[in-house]
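In what follows, a structure is listed as structure tokens, so that the remarks can point back to it.
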Amino acid sequence: QVQLVESGGGLVQAGDSLRLSCAASGRTFSSYHMGWFRQAPGKEREFVAAITWSASTYYADSAKGRFTISRDNAKNTVYLQMNSLKPEDTAVYYCAATQDLRRSQLRQYNYWGQGTQVTVSS
């Protein structure tokens, strides 16, 4: 089991950058596939980016070219670097984890953080 705590959200202007962090508990972080999701008010939660235990990365079309997911296994942390932010990126961002590769491919994660708010003003 793993516990996830997100940080780094805030209020920024369009065009600015933010880096979200997700700190994971436990000694087996390197074996987890990690993902970032977001949920805007009145909308369903959507996939943003994922990174496997072997550091393969995947992105939603909305994130390609602007967001970068990375991990530091020594720090038990996964990051989401977000550049050129747009008002439509406003959402609560959630970190997620699973040890099951198939579940990660299906974007079905077992463990979730409580989220961090990102607000982008125009």
FRET efficiency for Arg102 and Arg66, using Cβ-Cβ distance with R0 set to 25 Å, rounded to 0.05: 0.35
Percent carbon-and-sulfur accessible area, the chain, ignoring ligands, DNA and RNA, probe 1.4 Å: 44 percent
The chain, dipole about Cα centre (Lys/Arg Cβ +1, Asp/Glu Cβ -1), debye to the nearest 20: 240 debye
Note, ³J(HN,Hα) from phi for the range 48-57, Karplus 6.51, -1.76, 1.60, rounded to Hz, x at Gly and Pro: 10, 7, 9, 9, 7, 4, 8, 6, 6, 10
Antiparallel content of DSSP bridges confined to the chain, in %, to 5: 90 percent
Integer Hz, Karplus 6.51/-1.76/1.60 couplings in order for the range 92-97, x for Gly and Pro: 8, 9, 10, 9, 9, 9
For the range 32-46, Karplus couplings with θ = phi - 60° (6.51, -1.76, 1.60), whole Hz, Gly/Pro x: 8, 8, 10, x, 10, 10, 9, 9, 8, x, x, 10, 7, 5, 10
Helical contribution to [θ] at 222 nm, DSSP H n ≥ 4, -39,500 (n - 2.57), averaged over the chain, rounded to 500: -1000 deg cm²/dmol
Å² per residue, accessible surface of the chain at 1.4 Å: 53 Å²
Computed E for Ser121/Asn73 - FRET, C-beta separation, R0 35 angstrom, nearest 0.05: 0.50
Signed unit charges on C-beta, dipole axis of the chain, positive-most listed residue Gly9, Leu101, Ala49: Leu101
Efficiency of FRET from Cβ geometry, Val5 and Ala40, R₀ 22 Å, rounded to 0.05: 0.55
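The values are calculated or read from the model by the stated rules, or taken from the named source; none is laboratory data. If you're wondering where the values come from, they're calculated on a predicted model, not measured in any experiment. With ideal geometry, Cβ positions are generated from the backbone for all residues, glycine too; neighbour counts draw on all protein chains shown. Ligands, DNA and RNA are excluded from the accessible area calculation, which covers all protein heavy atoms including side chains. Shrake-Rupley method; radii C 1.70, N 1.55, O 1.52, S 1.80 Å.
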